[in-house]
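Taking it in order: structure first as structure tokens, then the write-up.
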Amino acid sequence: MHRNGLESMRKDIQKILDSTHDAMIAVDIEGVITVFNKSAERLTGKRAEDVLGKPVEMVIENTRLPIILKTGKSELNQQQP
């Protein structure tokens, strides 16, 4: 796939992620934020451009994402302390 095609695909995926009302934050295996949609911006008050590429624990207070990465066990629908 050509570079322009990949960029177009990336933009299309971002539009889809931004159209949902659910906050979506994704991290890589090292806990670095790779996805931060518009609903995540509204929920946290932080801009995607300011948090992408940063360790999640520096952005989201009390996050358990690094623990989930380490254990491999999901923690769905649980309130954070």
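The values are calculated or read from the model by the stated rules, or taken from the named source; none is laboratory data. These figures come from a predicted structure and were not determined experimentally. Quick reminder, even Gly has a Cβ in these numbers, built from the backbone with ideal geometry, and neighbours come from all protein chains shown. Note: accessible area is taken over every heavy atom of the protein model, side chains too, but ligands, DNA and RNA are not part of it. Shrake-Rupley method; radii C 1.70, N 1.55, O 1.52, S 1.80 Å.
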Would you give the gap between the C-alpha center of segment 53-81 and the C-alpha center of segment 1-49, rounded to a whole Å?
-> 17 Å
Rounded to a whole %, the carbon-and-sulfur portion of the accessible area of segment 6-70 at a 1.4 Å probe is 56 percent
Links exceeding 23 Å between C-alpha atoms in this model, out of 11/70; 15/70; 11/38; 38/70, come to 11/70; 15/70; 38/70
Longest segment of the chain with no trypsin sites (Lys or Arg not before Pro) in a DSSP loop having at most 14 other Cβ atoms within 10 Å?
-> 1-46
Where 67, 16 fall by accessible area, highest first, once all protein chains stay in place (1.4 Å) | 16, 67
FRET efficiency for residue 18 and residue 57, Cβ-Cβ distance as r, R0 = 25 Å, nearest 0.05?
-> 0.55
Here, GluC sites (Glu not before Pro) of segment 10-70 satisfying both criteria (DSSP loop; at most 12 other Cβ within 10 Å) are 30, 61
